[in-house]
Amino acid sequence: MTAQKARDTQVTRLATDTTVYRSRSWNRLRFEVEYGREKGTTANAYIIEGDRIAVIDPPGESFCELFLDAVTQRLDVTSIDYVIISHINPNRAATLQKILDIAPQVTIVCSNPGAKNLRLLLPKQPLDIEVMRGVDDEYLDLGKGHRLQFLRASTPRYPEELLTYDPKTRILYSDKFFGAHICGTQVFDEGWEVYQDDRQYYFDCIMAPHARQVTLALEKIEDFARELSAKHDEPANLSHIFSLSSSPHIEPSPSHSHSDSAHPSAKDDVTEVDTWLSTIAFYAPNHGPMVRYGLSELTNLYKQWSLKQQQQELTVAMLYASAYGNTTALAQALARGITKAGVQVESINCESATPDEIKSIVERAAGFVIGSPTLGGHAPTQIQAALGIIISNVSKDRLAGVFGSYGWSGEAIDLLGNKLKDAGYSFGFDPIRVKFKPTEQALKSCEEAGTDFAQALKKTKKRRKPRQISRDSFNNALSTISSTEEAVGRIVGSLAIVTATCKELSSGMLASWIAQATFNPPGFTVAVAKERAVESLMFPGCTFVLNILPENNHRGLMKHFLKPFEPGEDRFKNIDIDTAENGSPILKGASAYLECTVDSRMECGDHWVVYATVKQGKVLDASVKTAVHHRKTGSRY
C-alpha cells in the first residue's frame, strides 16, 4: 500500500501559460467503491494565464485551503476572471464559494445542468454564470491564442459534464474521463502500462454503468478531433506546447512540492497516435497523471471496455436520485457488483432523465433496481414518477431491488419496497437501508448484493430457455463430455480456503485452481472468479491466508464455504479460527496455512489469476495429506 504522507499540492507547468495544481492525498480519501484500491488520488486543477485568467476544475473542500495557498503564492487570486466547472458536487461548490469570497467578480463557466445545480447548492450567493452548450460557434477567448472550446459529455452520474479544449496547447481537459485514483510524483504517464489496471478499475467503477453514454462521448471527442484535424493542412507541430518558461509562478515553496522535469518531449507525438488524435496533445483528467504516452491506447481501451459492457446478454436498469451523494454511492457499489458478474448496467439518474427514456430502458431490462433518499418523509417526486412508470410498463416477472440512504426514518425505502411487493414483483435482495454516509462494510454488502442479483438473473434466463431437443437427447448431451473438456478436467488442484481481511471487511472462498509458481521468492497462483466477493480484497499489495485442507477431513469446511452467503454475512460465524499476523483468519481445521501478499494479478477471461508471495507458513497437522479435487470435465469446478 502507499506510504502514509501528509497531503500536499504539486505545482507543474504543463504547457504555454498553463499550470496544473495537483492536490495529492496519499491515503484512500473517500468511502466510494472507486477508491477501493486505496492508492490515494490527486485532484487536478488547471490554471490558464492568457490576457484573462481561467481556473479549470478547482478541487473539493478537503483540498481547498492547500489549493488556495498554492495559488496565492503564484498569482493574485483576485485577478482570476473565470472558473470553469466540468461537473458540480457539494464539495466543489464549497471551494467555489471560498473563491468567490475572495474574488466575487469571477464568472463561472459550466453547462446548463451545471448552472441549475450551482444555484441549488449556493442559493444565497450571487452568481455570474456563462452557460456553454458545447456547440461549434461557442468560444471562451482568454487571449494569447487560448480560445477555449467545449464538448458536452453527459452521463447519468454526471449529467452536467463539460469537457474543455484549448487549441493553443491542444490539451483536452477531460474531467472524469481517462482518470485513475492513484497518487504519485509522476505528472505524465511515462511507462503508461503500469497505470492500466488502475485505469481499468476506475472505468469499471465510474464508467461501466454508463457504457452507452461513454460511447457517445467518445464519438463526440473523435468527431471533434477530426474536424480540428481537417482544418490543418500541415501535420501538427506540438513542440511549442512543452516549452517551459522561467516564470516565477512555478518556483517551489517550502510547503509545496514541484516537479520541474515532468514535461515530455513531443518529437514523435504524431507518429505515436492515431491521425485524429494528433490534434490532442494529451488528456488532462480530474484524477491521476496526464494521459499522453498512452493516449491512443487508453482511448481504444475505453472503446473496447464500453463495447464489452453493451454486448452483455442481460441488462439491469439502475434508477436512483440522491440528495447528498450517499444514495449515489450505494448505486455505484451495486452496479460494480452487477457488472463484475457479467451483466450490463444501464444507469438512470431520475433527476435528469425523461419519462420516455426511463420507460424505454426499464422495458428492455431483465431486472431493475431503484434507490432513493428520504426527503421530508417521502421519496423525491422524480423517484415516485419512475416507480409509476415501472409498475405500469414492466412485466411482473422481472427481478427487482430497492435501496437508499436516509437521515432519520427512511420512509422512501419502505414506500418503494411495499409498492413493488404489492404489484407482484419478486426481489433479488432484501431492501438495503443505510443511515447517513455508507461505511466500507455497507458498500461491500451492496457490491455482494449486486453480484447475487446478477447471478439470480442468469439462473432465471437459463430456466426460461425453451427445450429444442427431446428429453433423451438432452440427457445424452449432458452425459457427453468432449475429449478436450475431459482432458482439461484431468488437471487437479489442492483444496484450500482463501481468507482475507482488510480493515472492517472480511471474506473467504473455496479454491482449487492453485499452483506453485516460483521458488525464490516462494510464490503461487490462485484463480479467482470475477464475481467472487473476495476478489475486491485481492489487489496488489493486499494480504490474505491460504488455508490448505486435509484429506478425508475437509468436507465440513468445504460445504461451509460453498454455501451461498447473504450480502455482508459473516463468513466465519461458528468457524474455529485464529488470526494471522497479517490480520486474516487462520482456519484451525486446516492442515497447513500460508500468509501471503498479492504481488500481481492478470485478467484471464472470466477469472483473475492472482500471483502471491509467501511471507511465512506453518504445517498444523503433518500426519495428513492434502485434499485434492478430481473433476470429470474442465468446463466447471
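The values are calculated or read from the model by the stated rules, or taken from the named source; none is laboratory data. In this text the structure is predicted, and so the values were computed from the model without any measurement. A quick note on method: Cβ atoms are made from the backbone with ideal geometry, for glycine too, and the neighbour counts reach across all protein chains shown. Accessible surface is based on the protein model in full, side chains and every heavy atom, while ligands, DNA and RNA are left aside. Shrake-Rupley method; radii C 1.70, N 1.55, O 1.52, S 1.80 Å.
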Electrostatic dipole magnitude of the chain [Cβ: Lys, Arg +1; Asp, Glu -1; Cα centre; debye, to 20]: 2580 debye
Rg/Rh ratio calculated on Cα atoms of the chain (Kirkwood radius): 0.99
Angle in degrees between helix 295-310 and the longest Cα principal axis of the chain, rounded to the nearest 10: 50 degrees
Assigned charges on the beta-carbon of Lys, Arg, Asp, Glu; region 62-187 dipole about Cα centre (debye): 280 debye
Karplus (6.51, -1.76, 1.60) ³J(HN,Hα), θ = phi - 60°, over region 494-506, in Hz, Gly and Pro reported as x: 5, 8, 8, 10, 8, 10, 9, 9, 9, 6, 8, 9, 9
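For the chain, what does -39500 (n - 2.57) per DSSP helix run (n ≥ 4), summed and divided by total residues, give at 222 nm, in deg cm²/dmol to the nearest 500?
Rounded to the nearest 500, it is -8500 deg cm²/dmol.
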Test item: Cα-centred dipole of region 101-148, Lys/Arg +1 and Asp/Glu -1 on Cβ, debye: 200 debye
Farthest positive-ward along the chain dipole, Cα basis, beta-carbon charges - from ALA43, LEU457, THR501: LEU457
Accessible carbon and sulfur surface of the chain relative to its total accessible area, %, 1.4 Å: 50 percent
In degrees, nearest ten, helix 355-364 long axis to first principal axis of the chain (Cα): 30 degrees
Residue among ALA103, GLN149, ALA6 farthest towards the positive dipole end of region 5-159, charges placed on Cβ: ALA6
Percent antiparallel among DSSP beta bridges (both partners in the chain, rounded to 5): 65 percent
Listed residue (GLY407, TYR425, VAL394) projecting farthest to the positive dipole end of region 387-432, Cβ model: VAL394
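Give LYS437/LYS503; LYS503/LYS615; LYS231/LYS303; LYS444/LYS625 a once-over and call out the pairs whose C-alpha atoms are over 28 Å from each other.
On the way: LYS437/LYS503 17 Å; LYS503/LYS615 20 Å; LYS231/LYS303 25 Å; LYS444/LYS625 36 Å.
LYS444/LYS625, as the Cα separations exceed 28 Å there.
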Cα Rg, Dmax (largest Cα-Cα span) when computed across region 99-210, Å: 16.6, 47
Cross-link table LYS340/LYS573; LYS462/LYS563; LYS421/LYS458; LYS459/LYS618, entries beyond 32 Å C-alpha to C-alpha: LYS459/LYS618
Accessible area expressed per residue, region 1-126, with surrounding protein chains retained (probe 1.4 Å, Å²): 34 Å²
Anisotropy class of region 500-637 from Cα gyration tensor, a/c 1.5 cut: rounded
Rounded, prolate or oblate (a/c below 1.5 giving rounded, otherwise prolate when a/b exceeds b/c) for region 1-132 by Cα gyration tensor: oblate
Value of Rg/Rh across region 545-587 [Cα atoms, Kirkwood radius]: 0.97
Degrees between helix 90-102 axis and first principal axis of the chain (Cα, 0 to 90, nearest 10): 20 degrees
